[in-house]
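Take a look at the structure set out below.
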Amino acid sequence: MEVKPLPESWVSRACKLKDGQVVLTSMLLLILGAGPASSLAGTLAPLGSTPPTALDGTEFPAAPAKTPDLIDSAQGTYQHLSLSLDLATNPKLLNADAVLAPFAAGASDTAVIITLQPTAEAMELAAQSEYSPNRSKDLAAAAAPVFYDLQDPTIRARLQATVTQAVGQAIQQLKLPGLTVTQRFSYQFGFAARVTPAALERLLAHPAVLRVEPDGVLEPHLRQGIPLMHADTPSATYNGSGMSIAICDTGIDTAHPRLGGGGSPIFNAKVIGGYDTGDNDADPRPDSITGNAHGTACAGIAAGDLGDAGDYIGGVAPGAKLYAIKISQGTSNLATFSSLIAGWEWAITRQHDDPAHPILIISTSVGGGSYASTCDTVVPAMTTAAANAVAAGITIFASSGNDGYCASMGWPACISHVNSVGAVYDANFGTYTPCVSADSCATKIATTGCATGYYVADNTVADKVTAYSNSASFLTLFAPANQAYTADIVGPGGY
């Protein structure tokens, strides 16, 4: 079978369909899969224009006077913008360049994540959790987010209740023209929103706001392989029975015969639940005609039922159940930081919906950037979400990325609470030509056929690190990739 790169870099290792249901791909991960994600969706209406007060009753600062450079944003528009040095250097604004870049490009608003001050009850719960035996070494590190023993059902319920109440109260009090809420969090004091310059300025001035950071866009990753990792050896004993895997991706096609073969109306004996945090609705399936098959492919790798179809023999953990957490918007392959945070939090909240199959694994194959060391301070809200999932007894796997970096990896795989997974070739199948970043250390060849501008003519060997895989000294593990079959969307959609 001839293998050629596809235009989109994240699926440039996918090949021809088989029977419209199984596709030859190059997937990364052992019980992972790769995953794209979404943009902000399911937004709420603007919260009005009544001057709000802080959580402690403090009146919200008055709106700034109109100037030629920063005009009133009640209509969400402005003629031109010259952001003040005070705003760009505000200590509450994390990664100011990323937050403010859309304004410089002429956009009327920007996507942010707002972190609020914790409540007294939350601090009490943290004190109760301090000496819990469930507190691992990395969660006890000085730089780690506040630890709550989320394996304790009472602490989990109380934290969720106080966060939900505080976030809801804050949103009602922060009724700013030019602020539209897009996501609310459940285990950390924060929410995501789109804000105009004036709304951002007033947010940063409010005492209830601890931090504002960018709600960026994630890039999807992709790969797989079973025999090389010897996953078939222990599978007779350790096949995933008694647990569930949450696939945070573009949704799962529950009609696929290896993934339950249909539901009533959505879920089935294999895919037992899920949610769409990208669109904020209860249906996490991709569209059968225009949907994105990435999450379905990942689900097939993780826990597809056993059986022969070409080279596909089933998932790595065929006895496991699946939860479909769709973090992408509509039929796109993009997601935001906040939709991924919400997806991880959904897995915490619904972890024990089926007590016989609790969610013990989160598979996330999305990300971006290049980090040569752990990156816990890059997006603190995501680091907090990862720490909370681990505190709840959930293990997170994330792909390291497909840029070809030799001493760095993408985010969120670089978070210290996440297991990062790179890729090795599944077999010797000749020369492979993946697209790589211009910053890759591989021997690159310029081309207009790759969005990155470069590809590699790589000689494949079983267990050799692929030319496109991101690697680093702190990478957790590698898993086989390329020339591996997995599930595709049933029907004309997908790959």
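Tabulated values for the structure
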item	result
Yes/no for residue 354 being of a type outside the set (Lys, Arg) and surrounded by fewer than 18 Cβ atoms within 10 Å (Cβ to Cβ)	yes
Among the residues listed as 125, 139, the single one being among the aliphatic types (A, V, I, L, M), assigned to a helix (DSSP H, G or I) and in contact (Cβ under 8 Å) with a residue 60 or more places away in the chain	139
Failed item, numbered, when residue 304 is tested on (1) at negative phi; (2) in contact with a Pro (Cβ under 9 Å, 6 or more places away or on another chain); (3) surrounded by fewer than 24 Cβ atoms within 10 Å (Cβ to Cβ)	(3)
Identity of the residue in the stretch 458-495, aliphatic (A, V, I, L, M) and farther than 19 Å from residue 401 by Cα, that ends up most open to solvent (accessible area, probe 1.4 Å)	461
Count - residues of the stretch 319-335 that are small (Gly, Ala, Ser), within 19 Å of residue 216 (Cβ to Cβ) and open to solvent by less than 10 Å² (accessible area, probe 1.4 Å)	2
Complete set of residues in the stretch 458-495 that are assigned to a strand (DSSP E or B), among the hydroxyl-bearing types (Ser, Thr, Tyr) and out of contact with any Lys or Arg (no Cβ under 8 Å at 6 or more places or on another chain)	486
Qualifying positions in the stretch 153-176 - among the aliphatic types (A, V, I, L, M), assigned to a helix (DSSP H, G or I) and over 16 Å from residue 120 (Cα atoms)	171
Elements of type strands (runs of 3 or more DSSP E) in the stretch 311-414, at least 1 residues being under 17 Å from the mean Cα position of the chain (by Cα) and modelled with pLDDT under 95	359-364, 366-371, 395-399, 409-411
Only one of 163, 146 that is β-branched (Val, Ile, Thr), open to solvent by less than 20 Å² (accessible area, probe 1.4 Å) and either under 25 Å from residue 415 (Cβ atoms) or over 23 Å from the mean Cα position of the chain (by Cα) (or both)	163
Close pairs (8 angstrom Cβ cut-off, 6 or more residues apart or separate chains): within 7 Å of residue 408 (Cα to Cα) in the stretch 365-377, outside any loop (DSSP other than H, G, I, E, B) anywhere	370/409; 370/410; 371/409; 371/410; 371/411
Looking only at the stretch 433-448, and only at residues there that are surrounded by fewer than 13 Cβ atoms within 10 Å (Cβ to Cβ) and of a type outside the set (A, V, I, L, M, F, W, C), the one that is nearest to residue 482 (Cα to Cα)	443
Residues located in the stretch 94-131, provided they are hydrophobic (A, V, I, L, M, F, W, C), surrounded by 18 or more Cβ atoms within 10 Å (Cβ to Cβ) and farther than 22 Å from residue 181 by Cβ	125
Selection within the stretch 306-322 - within 13 Å of residue 485 (Cα to Cα) and not aromatic (Phe, Trp, Tyr)	306, 307, 308, 309, 310, 311, 313, 314, 315, 316
Residues (under 10 Å from residue 324 (Cα atoms) and without any contact (Cβ under 8 Å) to a residue 24 or more places away in the chain) located in the stretch 268-282	none
Some residue of the stretch 81-100 being basic (Lys, Arg), part of a loop (DSSP other than H, G, I, E, B) and at pLDDT below 50	no
Check on residue 200, surrounded by 23 or more Cβ atoms within 10 Å (Cβ to Cβ), more than 27 Å from residue 400 (Cβ to Cβ) and either of a type in the set (A, V, I, L, M) or modelled with pLDDT of 95 or more (or both)	yes
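The values are calculated or read from the model by the stated rules, or taken from the named source; none is laboratory data. Every value quoted in this text rests on a predicted model; they were computed, and no experiment measured them. Methodologically, a virtual Cβ is constructed for each residue, glycine included, from the backbone with ideal geometry; neighbour enumeration extends over all protein chains shown. These area figures cover heavy atoms from the full protein model, side chains too; ligands, DNA and RNA do not enter into them. Shrake-Rupley method; radii C 1.70, N 1.55, O 1.52, S 1.80 Å.
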